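Below is one structure, written out as structure tokens, with a few remarks after it.
What follows is calculated from the coordinates using simple rules that are stated; it is not laboratory data. Values in this document were obtained by computation on a predicted structure and should not be read as measured data. With ideal geometry, Cβ positions are generated from the backbone for all residues, glycine too; neighbour counts draw on all protein chains shown.
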Amino acid sequence: MKYIKLLIFSVLLTLSCTVFAQSEMPFQEAAADSIVKQDLAKNAEYFSKGLEEKYNENYPVAIYNFEQALLYYNDDDASMYELSDLYQMVGRDTEAFSMINHAAELQPDNKWYQIRLAQFCVKNGDYQSFVNIYDKLIENEPENLEYLEAYINVLLRMGEYDKVLEKLDVLEVQVGKNEYIFLQRIQIYDEQGMKSQAIEEMEKLVEFMPDNTHYRALLAEAYRKVKRDKDAYRQYLKIKEIEPDNKYINISLMDYYQSMGELDKAFNEFIAAIKNKNLDYETKAQIYDFWFQKQDIKDAIDDAEEAGKAFMEMYPDKSIGYYIIGSVYFNKQDYTSAKEYYNMALEREANSFVSLYQLSLCYIDLNDYQGLIEITDKAKTFYPEQPVFYLFNGIGYFNIKDYENTIKALEKGRNLSANKDLTADFDTYIGDTYMLLKNNKKAFEAYDRVLRAKPDNIYVLNNYAYYLSLDNHDFDKALQMSAKTIQAEPKNPTYLDTYAWILYKLDRYDEALKYMNKVFKYDKNPQGINYEHLGDIQYKLGDTKNAVKNWKKAKKAGGEVSDFLDKKIKDERLYE
């Protein structure tokens, strides 16, 4: 803002003209006049310094100089104006408001003071005072569009919609049809819930600016909200005609076709969105997630493959496309191919959690436990607080029979786990590992923790029951646990074998034989231990011939059998 300190310049201008007049004044009047002139000169000097320091952004010093200027001339409205600005800059809002308010009282016709004062009124929430000020400003300058726009914005805050519409009509008469006027009317109609009027105004805006695809998109969205889908569709097609690579048009059409049940067309727009060079990568990743949340698993695999290829084409240096194709193969149970693509994803994003996780599952399904150990060791460097990778790591060591490292990994992961189900998984493997280390006490403690958290965990119920029977104690507890497993899965050969074995340990041989026969009924490929258990039961029932026969079958089948099997076959008698 530019202004002139009229009083100061006037005094300075007349100094030379008053020299002779002073000589004729009484001494006291001349002295007083001299003091006033000195004060005004000091005022002008400090004001000038203040402007210089403000220009140099040395605000504390600028404030000091303007404050000094005011000391020498209390009604210096120009210094008040400057101090109002500076006080606001340094957060002294109350003083800033006081200064501009005083300046505006001294010079009520100064429009710059009034504008600054009105701004403070808005900041203080005193909208009516703002309106009062701008009523006068607009009265003085009715064609000033900046005044009118500021006035309209405050009226909108006040909810004075009718008054705003009147002002917009005035503005339109002055400047003609205008984008700002259309948008303000649309906003008012929207806020009042006047949907049809808002749409009508949008249609006028689109007619006024027919090549503006943004406004056509807004109109299409408004049509969709009131179920005018065909009208929206026409706008989408027009947008695509005007701007074929519009970054959002494929998403809009995808959503439209989905709502109409035209899934093939929707999918084509989904792929087109991925390939649209104007659409940002993050949005593409989001619509990928959105699309597959709504698909059946069978359709999803085929769709995902095409989407993955599109991502690989558009973003060969990003991991997403390779991860998607890896997941396609994973769902097809082609774990070798899945592993290949997950590794390619990790080449591009070494710390990708999902790729590390899925690759770990591939190694488990491929029984490649050394590979599992290596990838989970790498994953732990990126995610040292993520327990699942310690679980996978422990599984790897467990399956290569490195039980010391198994326990280290599992105990560390268990301490990190805050998830009940995941903690139960840790305790399950911890229990199984301690059993193999012949530390039954710690194994049973781990199994007890699992069952406290998940009483119906039939895997642990079965193992715990079996190991208790081998440990020759708590047979009643073991039988109860085993009974739960065959109640849950009455045709599971493993659980039937455990139940039969516990009955055998309880000398309930007839019942044991009944359940052991069910094992062979439901298991088409019995294991060596099943034949051995059957032979042991038969021997106890006095059927030595069939007992020896099944012991021999146990030896032929191999796998986990007792250390006494060869001796039992040789001597044709039971050893335990």
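For Glu572 and Met89 in one chain, what is 0.36 nm times their gap in residues minus the Cα-Cα distance, to one decimal in nm?
Extra length available between Glu572 and Met89 comes to 163.7 nm.
Using the Cα gyration tensor of segment 503-553, with a ≥ b ≥ c the square roots of its eigenvalues, what is the shape: rounded (a/c below 1.5), prolate (a/b larger than b/c) or oblate (neither)?
Verdict is oblate for segment 503-553.
Between helix 77-89 and the chain, what is the angle of the helix's C-alpha long axis to the longest principal axis, kept within 0 to 90° and rounded to the nearest 10?
Compared with the principal axis, the helix lies near 10 degrees.
Before anything else, pin down the relative contact order of the chain: Cα pairs under 8 Å, at least 6 apart, normalised by residue count, whole percent. Walk me through the numbers before you get to the answer.
Values: 647 pairs, mean separation 19.3, N = 576.
Relative contact order here is 3 percent.
Full extension from Ser337 to Glu282: what is 0.36 nm times the residue separation minus their Cα-Cα distance, to one decimal in nm?
So the extension gain works out to 17.1 nm.
Using Cα positions and a limit of under 19 Å, work out the lysines in reach of Lys521, with same-chain residues fewer than 8 apart set aside.
Lys491, Lys549, Lys553
Taking neighbour counts of Cβ atoms within 10 Å as a proxy for exposure, in what order, fewest first, do Val173, Val460, Val206, Val122 appear?
Least to most surrounded, the residues fall as Val173, Val122, Val206, Val460.
Roughly how far apart, in whole Å, are the Cα centres of segment 504-576 and segment 352-412?
37
Karplus couplings for segment 254-270 from phi (6.51 cos²θ - 1.76 cosθ + 1.60, θ = phi - 60°), rounded to Hz, Gly and Pro as x?
Going residue by residue, I get 4, 5, 4, 4, 4, 5, 8, x, 8, 6, 5, 5, 4, 5, 4, 6, 4 Hz, with x marking Gly and Pro.
With only alpha-carbon pairs counted, each pair once and no self-pairs, how large is the Kirkwood hydrodynamic radius of the chain in angstroms?
Computed over Cα pairs of the chain, the Kirkwood hydrodynamic radius comes out at 33.6 Å.
Which ³J(HN,Hα) values, rounded to whole Hz and listed in residue order, are derived for segment 274-280 from phi using the Karplus coefficients 6.51, -1.76 and 1.60 in 6.51 cos²θ - 1.76 cosθ + 1.60 with θ = phi - 60°, glycine and proline given as x?
So the J values, rounded to whole Hz, are 4, 8, 6, 5, 8, 8, 6.
Using the Cβ atoms and a cut-off under 12 Å, what net charge is assigned to the surroundings of Val206, where Lys and Arg are +1 and Asp and Glu are -1?
Result for the neighbourhood of Val206: -3.
Using only the alpha-carbon atoms, how far is helix 229-242 inclined from the longest principal axis of the chain? Give it as 0 to 90 degrees, nearest 10.
That works out to roughly 70 degrees.
Note down the Stokes-Einstein diffusion coefficient of segment 456-524 in µm²/s, whole number, using a Kirkwood radius over alpha carbon pairs, 37 °C, and 0.692 mPa s.
Roughly 286 µm²/s, to the nearest whole number.
Add -39500 (n - 2.57) for each DSSP H run of 4 or more in the chain, then divide by its residues: what number comes out at 222 nm, to the nearest 500 deg cm²/dmol?
Dividing the helical sum by the residues of the chain leaves -25000 deg cm²/dmol.
Compute the long axis of helix 509-522 from its Cα atoms, compare it with the longest principal axis of the Cα atoms of the chain, and write down the angle in degrees, 0 to 90, nearest 10.
60
Figure the gain on full extension for Lys408 and Leu541 (residue separation times 0.36 nm, minus the Cα-Cα span) and round it to one decimal in nm.
That works out to 43.3 nm of additional length.
Step through the residues of segment 316-331 one at a time and calculate ³J(HN,Hα) from phi using the Karplus curve (6.51 cos²θ - 1.76 cosθ + 1.60, θ = phi - 60°), rounding each to whole Hz and writing x for Gly and Pro.
x, 9, 9, 7, 4, x, 5, 5, 4, 5, x, 5, 4, 5, 4, 5
Give me the compactness ratio for segment 58-187, meaning the Cα radius of gyration over 2.2 N^0.38 Å. Provide the component values of the computation, followed by the final result.
Working: Rg = 17.3 Å, N = 130, 2.2 N^0.38 = 14.0 Å.
Against the empirical 2.2 N^0.38 Å value, I get 1.24 for segment 58-187.
Hey, if you put +1 on the Cβ of every Lys and Arg and -1 on every Asp and Glu Cβ in segment 456-524, which of Asn457, Thr485, Tyr522 ends up farthest toward the positive end of that dipole?
Of Asn457, Thr485, Tyr522, it is Tyr522.
Work out the length of the dipole vector of the chain about its Cα centre, built from +1 on the beta-carbon of each Lys and Arg and -1 on the beta-carbon of each Asp and Glu, and round it to the nearest 20 debye.
4120
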